[in-house]
1. For the pair B:E185 and A:N201, how long in nm is the line joining their label points, each one 7 Å along Cα→Cβ?
2. So if we plug the beta-carbon distance of A:A214 and A:R323 into 1/(1 + (r/R0)^6) with R0 = 22 Å, what FRET efficiency do we get, rounded to 0.05?
3. Would you please give the residues with an amide H less than 5 Å from that of B:I326, counting only those at least 5 places away or on a separate chain, with H modeled from the backbone geometry?
4. Could you please state, rounded to a whole Å, how far the C-alpha centre of the stretch A:22-37 is from the C-alpha centre of the stretch A:138-160?
5. Share of the protein assembly as shown's accessible area from carbon and sulfur, percent, 1.4 Å?
6. Work out, in µm²/s and without decimals, the Stokes-Einstein translational diffusion coefficient of the stretch A:151-242 at 37 °C, 0.692 mPa s, Rh from Kirkwood over C-alpha pairs.
7. For the stretch A:190-265, build the convex hull from the C-alpha positions and give me its volume per residue in Å³.
8. What accessible area per residue comes out for the stretch A:151-242, rounded to a whole number of Å², with a 1.4 Å probe?
There are 2 protein chains.
Amino acid sequence: MSQPGLFRLDFFKAIPMGEELNERSRRILEAIVEDYICTAEPIGSRAVSRRHQIGLSPATVRNVMADLEEMGYIVSPHTSAGRVPTDKGYRFYVDTLLQVGQLDAQQKSRIEQYYRLDGLRVEERLREAGKVLSAISSYAGVVMIPRFTSTVFRHIEFLKLSHGKILVIFVSRSGLVQNKVIETETPISQHELEQVSNYLNQTLTGLSIQEIKAKTVRDMTEEKTTYDQLLRRALELSREVLSEEIGGEVFIEGASNILEQSEFKDMDRMKRLFRAFEQKSLLVELLDKSQRAKGVQIFIGSESEYSEIEGCSLITANYSSSRGTIGTLGVIGPSRMNYSQVIPVVDYTARLVSQVLEIEFE
Amino acid sequence: MSQPGLFRLDFFKAIPMGEELNERSRRILEAIVEDYICTAEPIGSRAVSRRHQIGLSPATVRNVMADLEEMGYIVSPHTSAGRVPTDKGYRFYVDTLLQVGQLDAQQKSRIEQYYRLDGLRVEERLREAGKVLSAISSYAGVVMIPRFTSTVFRHIEFLKLSHGKILVIFVSRSGLVQNKVIETETPISQHELEQVSNYLNQTLTGLSIQEIKAKTVRDMTEEKTTYDQLLRRALELSREVLSEEIGGEVFIEGASNILEQSEFKDMDRMKRLFRAFEQKSLLVELLDKSQRAKGVQIFIGSESEYSEIEGCSLITANYSSSRGTIGTLGVIGPSRMNYSQVIPVVDYTARLVSQVLEIEFE
DNA sequence: GCTTAGCACTCCTGATGGCCGAGTGCTAAC
DNA sequence: GTTAGCACTCGGCCATCAGGAGTGCTAAGC
């Protein structure tokens with residue numbers, strides 16, 4: 001049935017066609033998605049007609065459902081089961097039907113309660129944010145540490161290691177400490193390194209890394225012929241430090257929450273998901289993508305070619321300083337996720353994290 | 001059957017009693033453990049008698065097995081199944097029967113291959129070690145970052161944050177960077193902090209944290225009445241920094257390997273295990289315990305009251321610098337673990353890590 | 001006196017089949 | 001355009017059954 005290319009008799013009925021869904025189909029799709037989110041079981045026409053005063057008989061609902069299925073918004077797992085939303089169905093629901101409320105004060109304070117911040121390092125705070133997200137949403141919380149390049153310079157330190165390697169410690173204005181090992185061709189003494197540190201700390205404080213990059217390039221061309229050994233060294237080293245990304249590490253907290261979800265009774269699927277969690281590169285990619293966008297982002301299932309997280313959705317929001325976005329956090333759970341509840345939680349947590357990090361600024 | 005307190009007819013047979021196991025029982029226990037490690041299925045008397053030329057009929061083996069069961073080394077899941085080792089059985093096997101070989105050159109180089117170390121931070125190296133352990137053993141690898149207190153001082157840096165808080169960055173001689181936020185009652189300027197940093201960096205370099213602790217206490221009592229503002233400040237701050245443990249973070253790598261193990265088809269058990277992984281405090285405790293001991297340690301199942309890791313074993317070894325143990329790493333897997341293979345891998349990896357960290361010393 | 005063959009027994013496993021209920025698509029009537 | 005009715009499908013559940021693996025016990029053998 002419903003072979004592509006063949007006309008069906010009811011093709012010309014006043015039933016939603018193409019991309020348009022009429023009011024009735026929308027409401028039915030909405031009912032299916034929402035019921036399925038609650039129950040995790042295929043939804044039948046009878047259930048839809050009974051619930052939520054759509055004044056329609058099961059038979060009518062069945063007709064609409066058949067159309068929704070043909071259009072790819074829902075599928076039935078087997079002949080005599082109800083229907084289940086597809087990724088396309090979720091996407092339509094999220095983009096068009098979903099109404100996200102604000103968190104009420106109680107929920108906010110519940111989030112804030114979780115968020116203990118006394119005397120914690122930035123990293124720990126971010127990790128804590130992940131735990132909050134996972135605890136409140138009961139899915140998994142993900143947090144990406146700020147990338148070096150999106151932070152503001154506060155302090156740099158060079159320490160000489162053996163074999164011509166140098167340990168660079170970099171502190172951002174929000175108190176995030178990152179480090180990196182670089183190698184130099186020309187040997188340099190610890191004393192010189194200290195001079196370079198001092199010089200950079202004096203000249204760069206308060207600049208964003210982007211600005212520093214620009215400045216470095218400018219200085220390098222300008223002072224190519226400089227005889228100031230110190231300056232040359234400083235430029236060389238900063239170029240080396242800036243040459244490669246630092247950070248972008250991802251924390252996943254509460255992954256075990258996902259085990260509770262009934263869709264992961266299927267061991268195989270779960271294994272794949274956990275492997276993806278371990279590898280992290282996939283998540284980094286998604287979170288990077290999200291960081292380039294604004295506001296709450298929703299990635300649904302295997303949209304966008306990531307088969308590993310098939311059946312999962314990711315809701316993200318960016319956290320930021322006064323200078324703009326610095327990182328991303330979110331929640332990952334089954335596509336059958338309680339979007340209307342989780343979205344405001346992610347949104348609010350991102351705001352909270354932004355605030356908390358701001359406090360550290362001197 | 002075998003009710004405690006009742007004599008059995010064969011109680012006085014020349015069969016192992018009390019803690020002693022005779023040669024025959026040992027060989028049978030060994031066969032059961034080893035077969036079970038391979039197959040993950042209860043081992044019957046027939047299988048034992050056939051395998052590994054014990055010149056005994058199944059019936060005889062059955063008698064011995066009944067005794068082993070009574071003594072608590074094995075159990076049978078149900079009447080008509082074979083026997084499975086208990087924790088006590090594994091313990092006896094590991095302590096008495098197991099013969100651990102050396103790794104051959106090929107295996108060593110396989111481990112070394114995994115271990116790419118160019119230009120990595122210490123933390124990343126340790127994480128990498130966890131990945132190696134998990135990949136080679138196909139269980140989960142665990143690595144505990146050195147605790148502050150077991151390292152050697154290289155460099156300290158104080159940076160002022162808002163609200164009287166101070167960010168302390170601490171670098172150990174092996175290049176490990178850790179940081180911490182402390183609070184002081186009396187306000188202090190960034191300039192003073194720099195003086196303190198300089199002072200401490202000059203006086204403390206090359207001392208172990210233990211030595212510094214001792215020195216600080218000594219200095220404090222000696223110079224209680226000092227009018228040297230700088231020295232007082234330095235002492236105050238170091239006390240604050242030393243007042244609490246830093247580090248002891250645990251990485252778990254390749255946890256998804258454990259999903260492959262047939263004993264974790266039981267979802268519930270798996271969930272508990274993953275929750276324990278997430279909480280980490282349990283692992284920290286175990287690894288701390290191991291760090292206090294010498295050589296390869298083996299924790300089996302729910303020995304020592306940790307019910308969360310029931311059915312799992314943990315094999316650990318310490319890695320060290322020339323000044324002694326600095327951290328611990330290991331492998332966690334099902335009790336039904338290939339001990340003879342994993343033990344030398346853990347041992348060798350610990351040595352390798354020790355070497356690699358040593359390289360950084362200046 | 002230890003060892004072993006034999007035997008009855010237990011219990012898990014997997015296959016089979018029947019029943020029930022939920023849900024469907026289609027048709028015809030409203 | 002909507003709905004009632006109906007035949008049909010199919011998964012889930014349960015009971016049944018046969019097969020097999022393994023056991024404990026007993027009695028015979030070395």
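The values are calculated or read from the model by the stated rules, or taken from the named source; none is laboratory data. On a predicted model such as this, the values are computed, not experimentally measured, just so you know. In this analysis, Cβ positions are derived from the backbone assuming ideal geometry, glycine residues included, and neighbour counts consider all displayed protein chains. Just so you know, the surface numbers come from the protein's heavy atoms only, side chains and all, with ligands and any DNA or RNA stripped out. Shrake-Rupley method; radii C 1.70, N 1.55, O 1.52, S 1.80 Å.
1. For the pair B:E185/A:N201, the computed spacing is 2.8 nm.
2. 0.90
3. B:Y319, B:S320, B:S321
4. About 42 Å separates the Cα centre of the stretch A:22-37 from the one of the stretch A:138-160.
5. In the protein assembly as shown, the share of accessible area belonging to carbon and sulfur is 49 percent.
6. Answer from the Stokes-Einstein relation: 246 µm²/s.
7. Enclosed volume per residue, from the Cα hull, is 154 Å³.
8. Roughly 46 Å² per residue, with all protein chains present.
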